[in-house]
Amino acid sequence: MDKAREVSMIAEQEIAAFGTVTKKKGKNFRTPYKHQQNAMCNLDLIDDMPSYSTLVVLPTGGGKTYTASMWLLRHALNEHKKILWIAHRQMLLEQAAESFTKYAYDEVIPKISSFDYRIVSGATSHERTNSIVPSDNLLIASKDSLGRNMAALDGWLHGEDEVYLIVDEAHHSTAKTYRRIIEHVQKMVPNTKVIGLTATPFRTAENEQGLLAKIYKDGIRDGQISKNDIGITYQIGLKDLIGRQILAKPIFESAYTDESFGNELGVDDWNHINQLDILPDDIARQIAASAARNKLIVETYKKNQQKYGQTLVFAVNVVHAITLAKLFNHAGIPADFIVSSVKDMTLGVTISREENERKIEDYRNGKLKVLVNVNILTEGVDLPQTKTVFLARPTVSTILMTQMIGRALRGQAAGGTSEAYIVSFIDDWSEHIAWVNPESIFVTAGEVDFDDNPRQRRANELRMIAISKIEEFAAMLDDSIDTTALEKVSFEKRIPVGMYAFTYLEENGMDHTYQVMVYDSTKDAYIAMMEELPELFSAFQVEDEEFLADSTLRDMAEQCRSTFFLGDMIPPYEEDDVIQILKYYAQYSEAPKFYTFDDIDRNKLDVAAIARHIYDEDMGPRKKAEYVDSLWDSAEDDVLRLFFGKKLYFWRQLDIELMKITQPLIYEDNVIAHEKNLEDLPLHEIGKTNPDLEKRLRDGAFEKAKNQKGQYVCQKCGLTAANRVPFQVDHIVPMNKGGKSTPDNLQILCRSCNARKSDKY
């Protein structure tokens with residue numbers, strides 16, 4: 001392979017996988033904000049230590065990469081010190097490389113004329129770990145590539161007396177692979193200076209300083225080096241940057257399209273979407289061609305032109321971008337589209353970069369109110385006047401979502417706006433894909449309460465709940481689905497009391513953001529499960545594994561069901577929710593954070609009370625419709641609109657409650673399930689028919705197995721434990737030999753003894 005190429009500093013040019021960066025003459029065109037200057041000053045202070053591990057905490061849009069690269073250019077590369085920059089996504093690696101090359105000015109690195117860099121990851125466009133050479137000054141690598149071959153660092157680190165190790169998105173650094181890399185580098189180079197960059201240092205409430213505090217021990221407090229609590233050199237929150245008007249205050253809105261997509265896709269298609277964030281062409285064409293969906297997008301803007309101002313629209317593909325731009329113009333809204341390249345079907349002419357730049361300039365000058373694009377405007381183009389982002393395409397990528405949102409977050413002090421509207425257009429995907437909810441970017445960052453306005457906080461919570469309830473509401477409109485059990489529960493009990501919100505890393509390096517809604521019916525079970533997660537992972541002997549096999553996850557989820565989620569729970573828990581929590585715990589060895597929905601006034605969502613008022617007032621159809629419309633359209637209180645999303649869903653719930661009043665149904669089972677019929681079934685099958693019976697049988701088996709100290713005892717090996725996690729309920733006489741699921745034929749065994757017994761039969 002030829003000697004590394006010199007890299008051009010054109011912002012739009014793709015960053016090469018390795019190269020030599022020669023410094024630019026003159027001064028850096030970008031002046032750091034005050035908070036970035038303060039962060040660099042604090043890094044100056046802590047850098048006097050021969051080795052340290054610390055965090056720099058800047059929120060989404062706060063310029064973490066810029067701040068770190070500017071400081072490292074001067075303090076590391078300029079001083080002939082090596083830098084290892086690790087992250088979990090290809091895009092993060094390339095952003096880091098671009099920042100180092102873009103700001104390599106003579107005033108920043110006066111002592112050197114150039115430096116060599118290398119990007120290492122599993123991507124085809126990047127280098128492999130075996131290509132690392134000692135002459136690389138800046139090594140930018142994916143954590144998984146290094147995790148699989150940490151020995152590749154040994155030659156690069158050999159003989160170094162000092163090295164800088166940067167962990168991007170450092171809230172992930174408590175994951176096992178990150179910890180192993182950090183420990184390996186620290187072992188090779190005693191004077192290792194570890195700097196973690198993150199928007200969210202705290203992953204949980206009480207134990208948030210657990211593993212992170214073990215990694216990042218050094219910080220700055222009141223201008224002095226401190227080793228108390230978690231080590232943070234500099235921290236500023238989203239609320240502070242909004243207060244300083246550097247960032248705009250994000251305001252989230254949702255529009256439901258009533259369109260359904262993806263029902264005909266197979267497992268391979270879903271996996272393709274999850275792994276690559278690329279919609280199959282036929283689905284993208286369906287979305288682009290949806291006249292009703294496109295009309296909703298245009299009408300949503302048209303009704304709120306003054307509020308939304310200049311708006312960027314992210315479309316699913318080129319055809320979608322062109323179509324939307326045309327529809328906006330037909331509605332009297334000056335709009336255009338930009339795409340990377342597209343040929344005119346008649347002339348065969350490709351739209352040039354110059355043409356895109358002209359359209360961007362028209363947008364900057366205010367000639368265009370709306371600019372539609374396909375992922376072009378996620379980064380690298382400065383459009384500070386953007387007040388609103390329309391998310392007309394879904395994504396599974398937290399990074400891409402952050403970039404799209406970020407286009408509108410420029411605050412007034414930075415030449416932008418005071419408020420930023422993030423408008424999501426939500427389709428029905430039957431929960432096949434965990435699309436990223438834009439609000440979750442701030443929830444998992446611990447920034448959900450960036451606004452002190454209780455009304456706004458409540459609105460944020462309601463929208464997050466509503467997205468999770470759409471499937472339930474839709475099911476009640478589908479006559480083919482039996483929702484009788486759910487309808488029996490009072491509507492108030494079907495409103496979540498809170499949620500677990502978290503982000504973990506998939507094996508492909510993508511962030512996976514997830515929310516588990518918790519109800520009165522499941523709250524205690526989740527609390528118990530969270531307390532016993534360490535014991536659960538120990539029982540399955542997977543404490544050191546970061547990514548668990550699907551079969552193991554299913555076995556662990558079943559253990560959780562049979563231990564914590566027994567009995568009749570309505571609304572029920574979802575097995576996939578438990579699996580997502582297990583995936584998170586496998587990486588971080590801590591439970592996700594629980595967010596309560598205390599700000600919601602549930603009385604205003606009391607559909608039963610509304611139905612009772614309609615009944616008591618003896619409203620006819622016309623008066624009833626007028627009353628419901630007045631509630632729905634209330635400008636003072638938009639709780640119903642926020643929660644139900646669509647009036648159709650609200651009407652359906654109201655009709656159900658009215659039916660209970662006018663035609664009360666007696667929910668009475670007319671079939672008595674005799675235990676002698678159920679005793680021939682395994683316990684988990686009994687649970688499908690009679691959850692409470694399964695619970696009684698399991699509880700009885702454990703009660704019999706207690707010793708005098710109240711501990712549970714394995715009936716084979718005598719293993720004792722204070723909780724049920726290490727044990728399974730077993731049939732003394734196996735069912736394939738005539739044994740029954742009856743109290744006298746049930747015992748508890750530890751997992752090992754139960755597995756050995758199963759091998760015999």
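For region 521-551, which GluC sites (Glu not before Pro) pass both filters: DSSP loop (anything but H, G, I, E, B) and at most 13 other C-beta atoms within 10 Å? Working shown, then result.
Values: sites: Glu531, Glu532, Glu535, Glu543, Glu545, Glu546; in loops: Glu532, Glu543, Glu545, Glu546.
Filter output for region 521-551: Glu543.
Using only the Cα atoms, what convex hull volume per residue in Å³ does region 18-236 have? Write down the numbers at each step before the final one.
Values: hull volume 25.4 nm³, N = 219.
Hull volume normalised by residue count: 116 Å³.
Of Gly700, Gly415, Ala175, which is farthest on the positive side of the dipole of the chain, counting Cα position, with +1 on Lys and Arg Cβ, -1 on Asp and Glu Cβ, and the Cα centre as origin?
Positive-most Cα among the choices belongs to Gly415.
What net charge is computed for the residues neighbouring Asn137, neighbours being all others with C-beta under 12 Å from the C-beta of Asn137, Lys and Arg scored +1, Asp and Glu -1?
-1
Suppose R0 equals 56 Å. What FRET efficiency, 1/(1 + (r/R0)^6) with r the Cβ-Cβ distance, do Glu531 and Arg353 give to the nearest 0.05?
Working: r = 57 Å, r/R0 = 1.03.
Plugging the Cβ-Cβ distance into 1/(1 + (r/R0)^6) gives 0.45.
At Gln306 and Gln541, where each label point lies 7 Å from the Cα along Cα→Cβ, what is the point-to-point distance in nanometres?
7.0 nm
Under the definition of Cα pairs under 8 Å and six or more residues apart, what whole-number percent is the relative contact order of the chain?
Values: 1254 pairs, mean separation 77.8, N = 761.
Normalised by residue count, the contact order of the chain is 10 percent.
Could you tell me the center-to-center distance, by alpha carbons, between region 354-377 and region 618-634 in angstrom?
Between the Cα centre of region 354-377 and that of region 618-634, the gap is 45 Å.
Could you pull out every Cys in the chain that lacks a partner Cys with its beta carbon under 4.7 Å away?
Lacking a cysteine Cβ partner under 4.7 Å: Cys41, Cys560, Cys717, Cys753.
Taking neighbour counts of Cβ atoms within 10 Å as a proxy for exposure, in what order, fewest first, do His126, His320, His184 appear? Can you show the working numbers first?
On the way: His126 23, His320 26, His184 18.
Least to most surrounded, the residues fall as His184, His126, His320.
Between region 480-494 and region 15-39, what's the alpha-carbon centroid distance in Å?
So the two Cα centres are separated by 58 Å.
Evaluate the relative contact order of region 602-662 (contact order divided by residue number), counting alpha-carbon pairs under 8 angstrom at least 6 apart; express in whole percent.
Numbers: 29 pairs, mean separation 31.8, N = 61.
Contact order relative to length: 52 percent.
For Lys239, go through the lysines and keep the ones whose alpha-carbon is under 19 Å away, minus same-chain ones fewer than eight residues off.
Lys34, Lys64, Lys249, Lys387
Just report the Cα centroid separation between region 86-133 and region 540-610, whole Å.
Measuring centre to centre over Cα atoms gives 40 Å.
Please state the shape class of region 97-202: rounded when a/c is under 1.5, otherwise prolate if a/b exceeds b/c and oblate if not, all from the C-alpha gyration tensor. The partial results should precede the final answer.
Working: a/c = 1.37, a/b = 1.23, b/c = 1.11.
Judged from the Cα gyration tensor, region 97-202 comes out rounded (a/c under 1.5).
Beyond 20 Å, what share of the Cα-Cα pairs of region 249-332 remains, rounded to the nearest whole percent?
Values: 1508 of 3486 pairs.
Every Cα pair in region 249-332 considered, those over 20 Å come to 43 percent.
Quick one: putting +1 on the C-beta of Lys and Arg, -1 on the C-beta of Asp and Glu, what dipole do you get for region 602-662 around its Cα centre, in Debye to the nearest 20? Please report the intermediate quantities before stating the final value.
Details: 11 positive and 12 negative charges, 58 e Å.
Using only the charged Cβ atoms, the result is roughly 280 debye.
Give me the net charge for the shell around Ala331: Cβ to Cβ below 11 angstrom, other residues only, Lys and Arg +1, Asp and Glu -1. Working shown, then result.
On the way: positive: Lys295, Lys302, Lys303, Lys326, Lys369; negative: Glu299.
Surrounding charge for Ala331 is +4.
Evaluate the charge dipole of the chain about its Cα centre and quote only its size in Debye, nearest 20, assuming +1 on the Cβ of each Lys and Arg and -1 on the Cβ of each Asp and Glu.
Values: 90 positive and 114 negative charges, 348 e Å.
Using Cβ point charges on Lys, Arg, Asp and Glu, the chain gives about 1680 debye.
Which FRET efficiency value, to the nearest 0.05, is calculated for Leu486 and Thr689 with the Förster distance at 22 angstrom and r the Cβ-Cβ distance? Could the numbers behind the result be given before it?
Values: r = 18 Å, r/R0 = 0.80.
That pair, Leu486 with Thr689, gives E of 0.80.
If the only charges are +1 at each Lys and Arg Cβ and -1 at each Asp and Glu Cβ, what is the size of the charge dipole of region 18-236 around the Cα centre, to the nearest 20 debye? It would help to have the intermediate numbers written out before the result.
On the way: 27 positive and 24 negative charges, 69 e Å.
For this selection, approximately 340 debye.
For region 555-639, what does the alpha-carbon gyration tensor say about shape, rounded, prolate or oblate, given a ≥ b ≥ c as the root eigenvalues, a/c under 1.5 as rounded, and a/b over b/c as prolate? List each step's numbers first, then the result.
Numbers: a/c = 4.16, a/b = 2.43, b/c = 1.71.
Verdict is prolate for region 555-639.
Rounded to whole Å and sorted largest first, what semi-axes of the equivalent ellipsoid does the C-alpha gyration tensor of region 602-662 yield via the square root of 5 times each eigenvalue?
Values: eigenvalues 64, 33, 23 Å².
Each semi-axis is √(5λ); the values are 18, 13, 11 Å.
Say each of Lys239 and Ile570 gets a label point 7 Å from the Cα, pointing the same way as Cα to Cβ; how far apart are those two points in nm?
Simple spin-label model gives 4.1 nm for this pair.
Please report the relative contact order for region 29-161, taking Cα pairs under 8 Å with a sequence separation of at least 6, and give it as a percent rounded to a whole number. If you can, show how the numbers build up before the last one.
On the way: 144 pairs, mean separation 29.8, N = 133.
Value for region 29-161: 22 percent.
Starting from 0.36 nm per residue, how many nanometres of slack lie between Asn707 and Asn149 once their C-alpha separation is accounted for?
Details: separation 558, 0.36 × 558 = 200.88 nm, distance 4.91 nm.
Length difference between fully extended and current span is 196.0 nm.
Each label point is 7 Å from the Cα along the Cα-to-Cβ direction; what then is the distance between the points at Lys737 and Asp606, in nm?
A separation of 5.9 nm, rounded to one decimal place.
Run a plain Debye calculation on region 497-647 (Cα atoms as equal point scatterers, no solvent) and give log10 I(q)/I(0) at q = 0.18, 0.19 Å⁻¹, rounded to two decimals, same order as the q list.
These q points yield log10 I(q)/I(0) values of -1.04, -1.12.
Antiparallel versus total DSSP beta bridges in the chain: what percent is that, nearest 5? Kindly include the intermediate steps, with their values, before the conclusion.
Numbers: 30 of 86 bridges.
Counting DSSP beta bridges with both partners in the chain, the antiparallel share is about 35 percent.
Note down the net charge around Ala175, summing +1 for each Lys or Arg and -1 for each Asp or Glu among other residues with Cβ under 10 Å from its Cβ.
Taking every Cβ under 10 Å from that of Ala175, the sum is +3.
Applying 1/(1 + (r/R0)^6) with R0 = 41 Å to the Cβ-Cβ distance of Thr662 and Asn508, what FRET efficiency is obtained, to the nearest 0.05?
Working: r = 54 Å, r/R0 = 1.31.
It comes out at approximately 0.15.
Select from region 124-175 those GluC sites (Glu not before Pro) which occupy a DSSP coil region and have at most 16 other Cβ atoms within 10 Å, ordered by residue number.
Values: sites: Glu127, Glu160, Glu162, Glu169; in loops: Glu160, Glu162, Glu169.
Of the GluC sites (Glu not before Pro), the ones in loops of region 124-175 whose Cβ has at most 16 other Cβ atoms within 10 Å are Glu160, Glu162.
Can you sort Thr129, Thr483 by how many other beta carbons sit within 10 Å, fewest first? Provide the component values of the computation, followed by the final result.
Numbers: Thr129 21, Thr483 14.
With the sparsest Cβ surroundings first, the list reads Thr483, Thr129.
Just so you know, all these numbers are worked out from the coordinates, no wet-lab data involved. Quantities reported herein were computed from a predicted structural model and do not represent experimental measurements. A quick note on method: Cβ atoms are made from the backbone with ideal geometry, for glycine too, and the neighbour counts reach across all protein chains shown.
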